[in-house]
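Data first, discussion second: the structure below is written as structure tokens.
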Amino acid sequence: MTGTGTFSGPGISSDGLFNPAAAGAGAQTIRYTFSVGNGCSNYKEQTIDVYPVPVANAGPDKFVLDGGSVTLTPAVNAGYPVSYLWTPSMWLDDTQSPTPRSAPQDDITYTLTVTSDKGCSSSDNVVVKVLRKFPIPNIFSPNNDGIHDQWEIPGLASYPGCTVDVYNRYGQLIYHTVGYDKPWDGAVNGKPVPVGTYYYIINPKNGRQKISGYVDVIR
């Protein structure tokens with residue numbers, strides 16, 4: 001007997017290609033209907049269990065002081081048993097804990113893989129950045145000779161939200177910045193400051209205390 005057959009149901013194409021993601025989690029009923037030219041038809045149904053895929057969220061990137069440790073805080077919403085695996089294992093106290101502690105010696109990216117009891121899994125990454133102690137030069141020479149033209153403070157730019165305030169000898173604030181991606185060039189409103197001694201207050205935040213001192217501008 002000749003005729004045509006078509007599939008119907010959630011997540012399935014008419015020619016029988018099933019897409020679990022389109023169908024969604026749960027018990028999905030698929031129907032195959034066979035029809036002949038005289039108008040007669042019959043069908044057969046089958047139920048397919050689609051298991052939910054856990055959504056892994058490794059949490060926000062972390063910052064840790066050099067020599068310290070930090071707890072990773074993923075956000076995983078699942079109403080069923082899941083297991084955790086962090087890779088690489090370097091500097092972690094427990095690779096299978098949902099909230100391990102990391103004591104990194106350098107910046108590192110961890111991958112969290114969350115696996116359900118049915119074997120479905122997903123992954124996400126988190127970056128842990130090490131905030132190192134930074135030396136503060138007490139002199140620079142913004143004379144455009146290509147040598148020490150800016151007040152470069154190695155490592156300070158890695159401190160998110162840090163502030164740098166510079167005062168003249170009269171206690172007037174002449175320079176302020178949040179973050180230090182662009183070092184001070186010894187100018188205020190585009191005009192070079194006079195040669196002399198200036199005083200700074202640096203607030204690294206992120207667990208470090210404020211630092212104050214002086215810097216000499218020479219030319």
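Things to note:
- Mean separation of Cα contacts under 8 Å (6+ apart) over length of the chain, as relative contact order %: 13
- Taking amide hydrogens as placed 1.01 Å from N in the peptide plane, the amide H of Ile174 sits under 5 Å from those of Val166, Tyr167, Asn168, each at least 5 positions away in sequence or on another chain.
- Segment 1-112 - Kirkwood radius from inverse mean 1/r over Cα pairs (Å): 18.1
- At R0 = 30 Å, FRET efficiency that the Cβ-Cβ distance of Thr87 and Phe18 yields, to 0.05: 0.40
- Order of His176, His148 under a 10 Å beta carbon neighbour criterion, fewest first: His176, His148
- Other-chain or far-sequence residues with amide H under 5 Å of Gly59's (modelled H): Ala75
- Relative contact order, percent, segment 139-217 [alpha-carbon distance under 8 Å, six or more residues apart]: 31
- Looking at segment 170-219, the chymotrypsin sites (Phe, Trp or Tyr not before Pro) that sit in a DSSP loop and have at most 12 other Cβ atoms within 10 Å of their own Cβ are Tyr170.
- Fraction of alpha-carbon pairs over 21 Å apart in the chain - percent: 70
- Full extension of the chain between Ser121 and Ser8 gives 37.9 nm of extra length, using 0.36 nm per residue less the Cα-Cα distance.
- Exposure proxy ranking, count of Cβ atoms within 10 Å, fewest first, for Trp91, Trp86: Trp91, Trp86
- Chain lengthening between Lys210 and Ala25 when straightened (0.36 nm per residue, less Cα-Cα): 61.3 nm
The numbers here are math on the coordinates, done by the rules we state, and not lab data. Remember, predicted model here, so these are calculated numbers, not experimental data. With ideal geometry, Cβ positions are generated from the backbone for all residues, glycine too; neighbour counts draw on all protein chains shown.
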